[in-house]
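Q: Here it is: the structure, laid out below.
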Amino acid sequence: MIQEIISNFCSIQVWIGLAVGVIGGMVVGAMPGLSGGMAIALLLPVTYSMEPVAALVMLMAIYTSAMTGGSISAILLHTPGTPANAATAIEGYPLTKQGRGLEAVGMSMLSSGIGGLSSAIALLVIAPPLAMVSLKFSEPESFLISIFGLTVIGSLAGNSILKGLLMGLVGLFLATIGMDAVTGTLRYTFGSDRLMNGIQMVPALIGLFTIAQVMSNCEDYRNANKSILEQSNVTLGKKMLPTLKELPHYAWTWIVSSVIGIVVGILPGAGGNIGSWISYDQAKKHSKHKEEFGNGSMEGLAACESGNNAVTGGSMIPLMTLSIPGSPNAAIILGGLLIQGLVPGARLFTTQAPTTYSILIGFALSNILMVFVGLAIARYVVNVTKIPNSILMPVVVSLALIGAYAINASMFDVFITIFFGLLGYLMNKFDLSSAALILGLILGGTAERGLTLSLVMAKGNVLGYYLGRPICLVLMALIVLSIAGPLVSLIRGKGKSG
């Protein structure tokens, strides 16, 4: 089998596919509104004429590289390239304004590579046993993992937990707009067909993070001809990577966030959004420097990026063993597998093992190559922060609105983006958390569907049904610990001050 794997990597087509996947994925990910899923779907027809290993390596490289590329615009422009990079913008942009943009991008590349490589190793070594978890994961577990994700809101609330919870509830309400996934009832659409499918997450995300930030940057006309760096009176800095002495400080964050990302990836429908937020929340709770979070924390940035990239390999585990995609992107890759005659299941790891393990090794290589490509371009990409606002901000707005339009080729999504931009701007004025609102919007639909269907499945005995499912018990314990932890710390802090 080893000889066949080596033979597969002697093909020039495999290396071209790897390069196209990594570079193309990073470029697409860095463009607001464009996602890795869109790039995978567009290139899917191309794979008909490609070798199986080359085709799948290219698709999987796009998947992981797009998340990494999305961090570049999140850090430098407060514009998350993909929804999974929303948490990155919270820590990355303040670091740029502190003159540490180059260092932030370098940390993002390194953390993404560690998270992605960790998930690739998990995919290679422990795929079949871990995939069995997916068989026991149903609607009750989906509901509880969403609730677990919502406990992160406390970490995003800033100075006021009450304001954070309020914005989380607003996000949950916005998630109910559209057609009920279970009953088919239309809610809060006001007779508009455009709202039947609810509020699209990406236009809302672009509005809250990008348009709102552009409006804030343009408030002072005296700074119109100044760049982001000139406004903050800082430079980009020369440091790109943490020193050898600093590496141990981030090691535990990388390990924990990678494990969280892999586990979240295995759970169907969870995705990089939840993996990133939960990793960020856990890093903040266990950090010795909590005051840095929200103001530019390298530790928080490392957690976000290793967590969301670890989801990529985790989502491939149930896909390749049980035909259960762990994310929307994994579902598209399933189509790529079937096109090449590779049927997920036992055969992939037995009769088709040389091809399968070649693909998995290619996925691991793409995460390594991704780091080197990212570091190579970092010194050039960060120069975008030297462009005067009078030139940069119109370009950012144009790209943001084009990205919003490109999702469904709909002007309505552009209007949604503008609406959420104005909303985000006003929220910033009143110190309300945009991140809490977007988290409620992301998780609201999953939580509602999980709760509604689990109530039907429980047949009246809801408590007994939940308590009779071992994974539910574990998730409920995690939710209690996640809520109780900050409260205990707060009580202890008050006790010491008193």
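The values are calculated or read from the model by the stated rules, or taken from the named source; none is laboratory data. Just so it is clear, the structure is predicted and the values come from calculations on it, not from any experiment. In this analysis, Cβ positions are derived from the backbone assuming ideal geometry, glycine residues included, and neighbour counts consider all displayed protein chains. Note: accessible area is taken over every heavy atom of the protein model, side chains too, but ligands, DNA and RNA are not part of it. Shrake-Rupley method; radii C 1.70, N 1.55, O 1.52, S 1.80 Å.
Q: Does the range 384-400 hold any residues that are in contact (Cβ under 8 Å) with a residue 60 or more places away in the chain and assigned to a helix (DSSP H, G or I), and which are they?
A: Once the filter is applied, which keeps residues that are in contact (Cβ under 8 Å) with a residue 60 or more places away in the chain and assigned to a helix (DSSP H, G or I), the range 384-400 yields VAL384, THR385, LYS386, ASN389, SER390, LEU392, MET393, VAL396, VAL397, LEU399, ALA400.
Q: What tally of residues in the range 210-229 results from selecting those that are assigned to a helix (DSSP H, G or I) and not hydrophobic (A, V, I, L, M, F, W, C)?
A: 7
Q: Can you find a residue in the range 22-29 that is on the phi < 0 side of the Ramachandran plot, touching a residue at least 60 places away in the same chain (Cβ under 8 Å), open to solvent by 50 Å² or more (accessible area, probe 1.4 Å) and part of a helix (DSSP H, G or I)?
A: yes
Q: Looking at the range 271-282, which of its residues are open to solvent by 10 Å² or more (accessible area, probe 1.4 Å) and either over 25 Å from LEU334 (Cβ atoms) or hydroxyl-bearing (Ser, Thr, Tyr) (or both)?
A: The one that is open to solvent by 10 Å² or more (accessible area, probe 1.4 Å) and either over 25 Å from LEU334 (Cβ atoms) or hydroxyl-bearing (Ser, Thr, Tyr) (or both): GLN282.
Q: May I ask you to say which residue of PHE148, PHE143 is open to solvent by 10 Å² or more (accessible area, probe 1.4 Å), modelled with pLDDT of 85 or more, part of a helix (DSSP H, G or I) and not charged (D, E, K, R)?
A: After ruling out the rest, the residue left standing is PHE143.
Q: I've got another one for you. Would you point out which residue out of GLY261, GLY207, GLY265, GLY198 is at pLDDT 80 or above, in a loop (DSSP other than H, G, I, E, B) and surrounded by 18 or more Cβ atoms within 10 Å (Cβ to Cβ)?
A: When all the criteria are applied, what remains is GLY198.
Q: While we're on this one: Which condition from (1) open to solvent by 10 Å² or more (accessible area, probe 1.4 Å); (2) touching a Phe, Trp or Tyr at 6+ places or on another chain (Cβ under 6 Å) is the one that ALA302 breaks?
A: (1)
Q: From the list ALA122, ALA41, which one is surrounded by fewer than 24 Cβ atoms within 10 Å (Cβ to Cβ), hydrophobic (A, V, I, L, M, F, W, C) and at pLDDT 85 or above?
A: Checking each option against the conditions leaves just ALA122.
Q: Can we say THR79 is open to solvent by less than 10 Å² (accessible area, probe 1.4 Å), farther than 25 Å from THR356 by Cβ, outside any helix (DSSP H, G or I) and of a type in the set (Val, Ile, Thr)?
A: yes
Q: Given (1) open to solvent by 20 Å² or more (accessible area, probe 1.4 Å); (2) at pLDDT 85 or above, where does LYS239 come up short, assuming only one miss?
A: (2)
Q: For the range 167-189, name all the residues that are open to solvent by 90 Å² or more (accessible area, probe 1.4 Å) and either modelled with pLDDT under 85 or under 23 Å from the mean Cα position of the chain (by Cα) (or both).
A: Residues satisfying the conditions are LEU169, PHE173, THR183.
Q: Quick check, is THR253 at pLDDT 85 or above, among the hydroxyl-bearing types (Ser, Thr, Tyr), within 26 Å of the chain's Cα centre (by Cα) and surrounded by fewer than 20 Cβ atoms within 10 Å (Cβ to Cβ)?
A: So THR253 fails the test.
Q: I'd like the full set of residues that are over 17 Å from the mean Cα position of the chain (by Cα) and either under 24 Å from ILE274 (Cβ atoms) or outside any helix (DSSP H, G or I) (or both), limited to the range 82-103.
A: Selection gives PRO94, LEU95, GLN98, GLY99, ARG100.
Q: Quick check on the range 52-70. Is at least one of its residues under 19 Å from SER276 (Cβ atoms), part of a helix (DSSP H, G or I) and open to solvent by 10 Å² or more (accessible area, probe 1.4 Å)?
A: For the range 52-70, residues under 19 Å from SER276 (Cβ atoms), part of a helix (DSSP H, G or I) and open to solvent by 10 Å² or more (accessible area, probe 1.4 Å): present.
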